[in-house]
Amino acid sequence: MVGWAIAVHGGAGVDPGLPVERQEEARRVLERCLRVGAAGLRAGLPAVDVVEMVVRELETDPVFNSGRGSALTRKGTVEMEASIMDGHGRRCGAVSGLTTVKNPVSLARLVMDRSPHSYLAFDGAEEFAREQALQGVEVVDNSYFITEESMSMLKRAKEANSIMYDYRVPAPGVDSASPGLEGAKVENGLLMNGLPISVYAPETVGCVVVDSNGWCAAATSTGGLMNKMSGRIGDSPLIGSGTYACSDCAVSCTGEGEAIIRSTLARDVAALVEYKGLSLQEAVDYAIKERLDEGMAGLIAVSRNGEVAYGFNTQGMFRGCATEDGFMEVSIW
Amino acid sequence: MGWAIALHGGAGDIPLSLPAERRAPREATLRHCLELGVAALKANRPPLDVVELVVRELENSPCFNAGKGSVLTTNGTVEMEACIMDGNTKKCGAVSGLSTVVNAISLARLVMERTPHIYLAFDGAEAFAREQVKTMGVETAHSSHFITTENVERLKNAKEAKRVQIDYTQPIKGAIPSTKGDSQIGTVGCVAVDGHGILASATSTGGLVNKMVGRIGDTPIIGAGTYANSYCAVSATGKGESIIQATVARDVAALMEYKGLSLKEAAAYVIERTPKGNVGLVAVSANGEVTMPFNTTGMFRACATEDGYSEIGIWPSGINDDLEYPNK
């Protein structure tokens with residue numbers, strides 16, 4: 001028997017100017033979700049059930065960029081995505097392009113458990129959601145997910161984009177670390193995905209768990225990148241990028257989606273443990289330091305031995321963890 | 001060192017009894033695509049260009065399950081997906097849910113090069129394609145371009161058998177026999193390396209026969225069906241769901257980097273650990289090595305290396321071998 005452990009995150013890359021009340025609100029939500037997860041673990045629920053339950057809580061709360069409170073597309077709509085992976089058997093489920101499903105992570109779970117496939121998206125995923133109504137899938141109008149916060153963030157993102165030509169093309173005379181910045185107003189000089197950090201609310205959410213049997217599971221959920229093109233898929237629903245779980249460990253990532261995909265970040269942490277024999281923290285540190293190139297991201301991980309590890313190269317990551325011995329913490333910086 | 005190229009037209013339960021009229025056009029297409037790829041490498045085209053042009057050619061052929069000749073969803077429509085990755089920069093592009101784009105692989109490349117994103121799907125991807133029609137010459141066509149009578153037949157058979165078929169499957173006892181003993185066709189892919197060790201990978205597919213609308217397989221998922229870095233380039237084929245959970249393409253490269261395995265060892269390791277009958281792959285290394293392992297009955301495949309080796313095959317070497325080509 002192993003001591004169980006749970007970790008959660010609410011996004012890497014935190015605006016140092018984020019008002020204190022918002023920081024406190026985020027902390028409270030993370031703490032509440034940790035307690036929910038810990039209670040499930042004490043009651044003997046398997047890891048995969050716990051990660052789903054916790055991520056549902058995070059999706060339902062509007063503070064983070066998932067479910068209600070999701071980032072908005074260019075068109076001002078919400079397109080949500082999520083994935084879940086059960087390290088016990090490496091089964092997985094993922095969804096993208098959801099517009100009416102209240103809890104994307106639960107639909108991802110149903111894809112895993114009740115469809116012959118691993119990943120459903122857009123109209124097909126929405127149709128599946130309706131077929132699964134008897135499994136408790138709730139659908140609502142797209143407007144349910146949109147909040148005042150996300151609308152004002154979209155406005156700021158559009159303003160920033162209208163100044164920047166293409167955030168990946170360096171403007172002449174500007175160094176490559178800040179592409180397309182010429183003439184842009186950048187608060188604190190901090191950028192992610194080419195946009196000023198203030199555009200980011202608390203962000204993508206995720207949970208990783210190892211239960212008392214040593215089984216690991218991971219789940220991640222998001223509205224994606226603020227002002228994204230409709231149809232854009234990020235790292236969160238991609239197994240091996242934003243989410244991964246196997247018999248050794250479970251990982252959930254957050255940050256610049258494109259960087260996380262290029263580095264297959266979640267799988268890399270597990271591969272470093274499995275193939276290179278690194279400890280969990282060593283693997284996390286190595287992946288963050290060596291695999292991201294110029295990308296900015298963070299991740300949480302747990303191992304079959306009950307260890308918890310965080311890693312991020314951003315300024316801050318909303319995170320927290322709890323272990324069976326009674327330890328609990330929530331941090332931002 | 002030296003250049004090398006490998007390509008596939010799908011792994012699965014390709015019956016040994018595959019009739020000549022089904023076998024010949026596929027082998028001819030593989031040979032033609034191999035020649036195109038080799039010529040491009042000899043002309044010093046970058047591997048990224050090479051894999052794209054080879055996969056375009058495979059998409060345009062109705063013989064394989066990509067572009068024209070894509071298998072159909074349960075609604076009788078096509079939903080194509082593709083992915084391309086540049087091992088040198090690890091930049092990548094992916095698309096899913098395309099229904100009118102003639103060359104999905106080229107749209108994936110445009111996503112990589114002309115958007116801030118990596119992956120676009122369904123309506124958003126189609127909208128992007130339309131934006132790129134005038135400026136980048138993206139070709140679109142009516143669904144009739146992609147749908148073949150063979151695939152309409154396959155869908156009918158699959159529905160009657162009430163199963164989702166992988167690229168090639170065992171016939172079910174008592175089930176209605178599939179068309180002329182050829183139950184399936186396959187995903188396509190190409191990997192290439194130049195003399196400088198620069199690697200690239202590209203994969204394209206119509207997916208699974210009778211798949212649910214909106215189903216995404218392994219092909220567009222970086223690290224599952226497609227991957228390239230400074231160690232190797234990999235393109236996988238078979239049962240998408242198995243390839244995703246095993247992160248097949250990424251694992252080959254990870255085994256080389258983290259465990260010090262050779263390309264052949266790494267690829268064999270991954271294939272062995274995936275349930276039998278589910279996966280095949282083609283891979284090249286920075287040193288110009290090639291490997292094409294599979295744990296299915298067969299895999300349509302071809303490869304060539306700068307030192308003069310070339311091979312076109314369907315079943316494991318030594319079986320039905322009369323078409324294996326001698327060294328050129």
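Using only Cα atoms, find the angle between the long axis of helix A:47-60 and the longest principal axis of chain A, and express it within 0 to 90 degrees, rounded to the nearest 10. Roughly 40 degrees between the two axes.
In Å², rounded to the nearest 100, what is the total accessible surface buried by chains B and A against each other with a 1.4 Å probe?
Details: alone 12910 and 13380 Å², together 22630 Å².
Result for this pair: about 3700 Å² buried.
Taking 29 Å as the limit for the C-alpha separation, the pairs A:K102/A:K158; B:K91/B:K239; A:K289/B:K211; A:K228/A:K289 exceed it in the case of A:K289/B:K211. Over all directions, the projected convex hull of the C-alpha atoms in the range A:4-78 averages 5.8 nm² in area.
Go ahead and estimate [θ] at 222 nm for chain A from helices alone: -39,500 (n - 2.57) per DSSP H run with n ≥ 4, summed, over the residue count, rounded to 500. Let's see the in-between values first.
Values: 8 runs with 103 residues, N = 333.
Calculated mean residue ellipticity at 222 nm is -10000 deg cm²/dmol.
Please report the antiparallel percentage of DSSP beta bridges with both residues in the range B:4-309, rounded to the nearest 5. Bridges in the range B:4-309 are about 90 percent antiparallel. Backbone geometry of the range B:12-22 corresponds, through the Karplus equation with coefficients 6.51, -1.76 and 1.60 at θ = phi - 60°, to 3J(HN,Hα) couplings of x, 7, 6, x, 4, 7, 3, x, 3, 6, 9 Hz, x marking Gly and Pro.
Could you work out the percent of alpha carbon pairs in the range B:4-309 separated by over 37 Å, rounded to a whole number? Present the calculation step by step, with values, prior to reporting the outcome.
Values: 3604 of 46665 pairs.
That fraction is 8 percent.
Given a Förster distance of 45 angstrom, what is the FRET efficiency for A:R74 paired with B:V152, based on the Cβ-Cβ distance and rounded to 0.05? Kindly include the intermediate steps, with their values, before the conclusion.
Working: r = 38 Å, r/R0 = 0.83.
Approximately 0.75, to the nearest 0.05.
Ignoring everything except DSSP H segments at least 4 long, calculate the 222 nm mean residue ellipticity for chain B; use -39,500 (n - 2.57) per segment, divide by total residues, nearest 500.
Values: 8 runs with 104 residues, N = 328.
Result for chain B, helices only: -10000 deg cm²/dmol.
Near the amide H of A:A121, within less than 5 Å, lie the amide hydrogens of A:S96, B:R215, B:I216, all on another chain or at least 5 residues away, with H placed in the peptide plane.
How much of the DSSP beta bridge set in chain A is antiparallel, as a percent to the nearest 5? Intermediate values should be presented prior to the final figure.
On the way: 51 of 56 bridges.
Rounded to the nearest five, the antiparallel share is 90 percent.
With all distinct Cα pairs included, what does the Kirkwood hydrodynamic radius of the protein assembly as shown come out to in Å, to one decimal, could you say?
On the way: mean 1/r = 0.0409 Å⁻¹.
After inverting the mean inverse Cα-Cα distance, the result is 24.5 Å.
In this calculation the C-beta distance from B:D307 to A:K158 is compared with R0 = 51 Å, giving a FRET efficiency of 0.40. The accessible area of A:E149, taken with all protein chains in place and a 1.4 Å probe, comes to roughly 80 Å².
Among residues other than A:D49 with Cβ under 10 Å from its Cβ, the summed charge is -2 (Lys and Arg +1, Asp and Glu -1).
The values are calculated or read from the model by the stated rules, or taken from the named source; none is laboratory data. Computed from a predicted model, the values in this text were never measured in an experiment. Here the Cβ is made from the backbone with ideal geometry for all residues, glycine too, and neighbour counts use every protein chain on show. Only protein heavy atoms, including side chains, enter the accessible area calculation; ligands, DNA and RNA are left aside. Shrake-Rupley method; radii C 1.70, N 1.55, O 1.52, S 1.80 Å.
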